[in-house]
1. Rg to Rh ratio, the chain, alpha-carbon atoms and Kirkwood radius?
2. Which order do the peptides 9-19, 73-83 take when ranked by the mean count of other beta-carbon atoms within 10 Å per residue, highest first?
3. Expected output is a single nm value to one decimal: the length gained when fully extending between Gln69 and Ser46, i.e. 0.36 nm times separation in residues minus the C-alpha distance. What is it?
4. Under the definition of Cα pairs under 8 Å and six or more residues apart, what whole-number percent is the relative contact order of the range 4-161?
5. Tell me, what ³J(HN,Hα) does each residue in the range 77-82 have, in order and in whole Hz, if you take phi through Karplus 6.51 cos²θ - 1.76 cosθ + 1.60 with θ = phi - 60° and put x for Gly and Pro?
6. Mind checking the full-extension length gain between Arg107 and Leu159? Use 0.36 nm per residue of separation minus the Cα-Cα distance, one decimal, nm.
7. Work from the charge dipole of the range 4-161 (Cβ charges, +1 for Lys and Arg, -1 for Asp and Glu, about the Cα centre) and give the residue of Ser42, Val120, Val86 farthest towards its positive end.
8. Pull out the extension gain between Glu27 and Ser134, defined as 0.36 nm times the separation in residues minus the alpha carbon to alpha carbon distance; nm, one decimal.
Amino acid sequence: ALPSVAIVGRPNVGKSTLVNRFLGRREAVVEDLPGVTRDRVSYSASWSGRSFLVVDTGGWEPDARGLQQAVADQAERAMAAVDAIVLVVDATVGPTATDEAVARVLRRAKVPVLLAANKVDSERAEADAAALWSLGLGEPHPVSAAHGRGAGDLLDEVLKVL
Ligand code: GDP
Ligand code: MG
């Protein structure tokens with residue numbers, strides 16, 4: 001089977017936009033409203049001559065346990081199902097309680113976890129990414145899924161661990 005990477009994180013951080021960036025095509029559904037992506041959707045991608053699967057996540061039914069638990073549970077399920085994980089955080093917002101809850105789950109993942117600091121649309125915004133070191137997942141990789149900035153570098157890092 002092809003190696004797989006799951007893109008996880010709270011709603012509206014740009015997971016589906018990043019998936020499309022990784023695919024080089026617009027296939028994952030991007031929405032201005034949070035929570036639109038169905039639970040898990042995988043797409044085939046290739047980069048630097050290698051083929052792999054990208055799994056988009058989202059689409060929580062907000063229930064009694066709340067969003068934070070739902071996002072953490074989804075990260076937990078992804079961890080068991082794929083070969084690597086990219087946690088996407090909105091660097092313009094900084095780490096939220098939900099980001100921290102997901103990071104706590106991912107810190108005990110047995111697969112490699114990369115941290116994407118998304119919405120770093122300009123060089124000036126790169127300082128925002130540094131605040132995400134506090135999540136305890138290593139170096140935050142600044143990226144702008146919307147504009148493509150840093151996406152190639154992030155994919156290079158993903159392929160190194162895949
Ligand atoms: P998801 O819920 O995590 O899958 O997030 P989406 O990919 O659906 O994106 C949520 C919103 O964030 C949309 O309005 C996107 O256009 C916007 N967005 C995604 N990536 C970026 C980015 O790099 N920069 C900016 N400024 N906006 C972004
Ligand atoms: Mg989505």
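1. My calculation puts Rg/Rh at 0.92.
2. 9-19, 73-83
3. 5.0 nm
4. 24 percent
5. 5, 5, 3, 7, 10, 10
6. This chain segment gains 16.7 nm when fully extended.
7. After comparing all options, I get Ser42.
8. Values: separation 107, 0.36 × 107 = 38.52 nm, distance 3.25 nm.
Roughly 35.3 nm would be gained on extension.
Here, each number is a calculation from the coordinates, and none is a lab measurement. Remember, predicted model here, so these are calculated numbers, not experimental data. Here Cβ is always computed from backbone atoms with ideal geometry, including for glycine, and neighbour counts include all displayed protein chains.
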